[in-house]
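Undergrad: Below is the structure I would like to discuss, written out as structure tokens.
The values are calculated or read from the model by the stated rules, or taken from the named source; none is laboratory data. Remember, predicted model here, so these are calculated numbers, not experimental data. We place every Cβ from the backbone using ideal geometry, glycine too, and count neighbours over all the protein chains shown.
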Amino acid sequence: MLLALLVLAVFIIASSLRKSALPLLDGEQQLSGLNDDVRVIRDERGVPHIYATSAHDLYFVTGYISAQERMWQMDLIRRATTGRLSEILGPDYIEADHFLRMLSMTAKSEVVIAKEDPVILAAMQSYCDGVNTWIGERGKKLPAEFRILGYTPEPWTLPLMKAF
């Protein structure tokens, strides 16, 4: 009886973790930060096609959808390129972090961003704003990886975007 209850509890918890982070694939959603209506149509494979009347709205929704579908991957890549894996994965990753910091990807990215065209920077900022809108909306209903490791992704900012 105890084993059956344990199996049922594990099933319920696993199902809750899995479902809580699923992206909205159908219906309408109101996002603050948009200037006009944006239409997202997903094809038969679930690939989003975004239709917007402004570059800001296009990049904002692109950031939102990227976060909705790939936030764990985005955060892991950001942490790897900035040498911050051990913060979430433990002390076994300290040597990897030291090596990755020696590559100076952060400093090199700052140089690139400092010379970037303002139009590109505006697009990148819109993307970041979309990512942050998704993070802010989720609260504690983050993908299972974040909940298992017990942390929330940090806001996406320029020049932090340099790590991606």
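Undergrad: One residue is enough: does region 120-133 have a residue meeting the conditions under 22 Å from the mean Cα position of the chain (by Cα), part of a helix (DSSP H, G or I), over 30 Å from Q29 (Cα atoms) and not hydroxyl-bearing (S, T, Y)?
TA: Within region 120-133, none of the residues are under 22 Å from the mean Cα position of the chain (by Cα), part of a helix (DSSP H, G or I), over 30 Å from Q29 (Cα atoms) and not hydroxyl-bearing (S, T, Y).
Undergrad: Taking only pairs six or more apart or across chains, which ones have beta-carbon atoms under 7 Å, a first residue in region 144-155 that is closer than 12 Å to A67 by Cβ, and a second residue that is aliphatic (A, V, I, L, M)?
TA: Taking only residues 6 or more apart or on different chains, the pairs are P153/M71; P153/I135; P155/I135.
Undergrad: Could you look through region 48-60, keep only residues that are surrounded by 16 or more Cβ atoms within 10 Å (Cβ to Cβ) and more than 17 Å from the chain's Cα centre (by Cα), and pick out the one that is farthest from W134 (Cα to Cα)?
TA: This residue is A52.
Undergrad: Go through (1) surrounded by 15 or more Cβ atoms within 10 Å (Cβ to Cβ); (2) in contact (Cβ under 8 Å) with a residue 24 or more places away in the chain one by one and return the number of the condition V112 breaks.
TA: (1)
Undergrad: Just need a number here: residues in region 61-110 that are basic (K, R), under 20 Å from D129 (Cβ atoms) and out of contact with any helix residue (DSSP H, G or I) (no Cβ under 7 Å at 6 or more places or on another chain).
TA: Number of matching residues: 1.
Undergrad: Among the residues of region 82-105, how many are crowded, with 18+ Cβ neighbours inside 10 Å and not in a loop (DSSP other than H, G, I, E, B)?
TA: Here the count works out to 3.
Undergrad: Just give me the residues in region 135-152 being touching a Leu at 6+ places or on another chain (Cβ under 9 Å) and assigned to a helix (DSSP H, G or I), in sequence order.
TA: Scanning region 135-152 gives I135, E137, A144, E145, R147, I148, L149.
Undergrad: Quick check: is even one residue across region 7-25 part of a helix (DSSP H, G or I), polar (S, T, N, Q), surrounded by 10 or more Cβ atoms within 10 Å (Cβ to Cβ) and at pLDDT 95 or above?
TA: no
Undergrad: Also, quick follow-up: Which one of these does R42 not meet: (1) farther than 22 Å from N132 by Cβ; (2) at pLDDT 95 or above; (3) of a type in the set (K, R)?
TA: Exception for R42: condition (2).
Undergrad: Criterion first (charged (D, E, K, R) and buried (at least 18 other Cβ atoms within 10 Å of the Cβ)) does R45 satisfy it?
TA: On the way: charged (D, E, K, R): yes; buried (at least 18 other Cβ atoms within 10 Å of the Cβ): no.
Taking the combined requirement at face value, the residue does not satisfy it.
Undergrad: Can you tell me which residue in region 44-97 is farthest from T157 (Cα to Cα), limited to those that are of a type in the set (S, T, Y) and without any contact (Cβ under 8 Å) to a residue 12 or more places away in the chain? Give the steps one after another, and end with the answer.
TA: If we filter region 44-97 for residues that are of a type in the set (S, T, Y), which is where we start, we get 51, 53-54, 59, 62, 64, 66, 81-82, 86, 93.
Then keep just the ones that are without any contact (Cβ under 8 Å) to a residue 12 or more places away in the chain; that gives 86, 93.
Working: S86: 21, Y93: 24 Å.
The extreme case among them is Y93.
Undergrad: Give me a count of the residues in region 45-58 that are at pLDDT 95 or above and outside any loop (DSSP other than H, G, I, E, B).
TA: Counting residues in region 45-58 that are at pLDDT 95 or above and outside any loop (DSSP other than H, G, I, E, B) gives 7.
Undergrad: Okay, moving on. Quick test of your reading of the structure: K115 fulfils all but one of (1) modelled with pLDDT of 95 or more; (2) closer than 21 Å to A55 by Cα. Name the failing condition by number.
TA: Unmet for K115, out of (1) modelled with pLDDT of 95 or more; (2) closer than 21 Å to A55 by Cα: (1).
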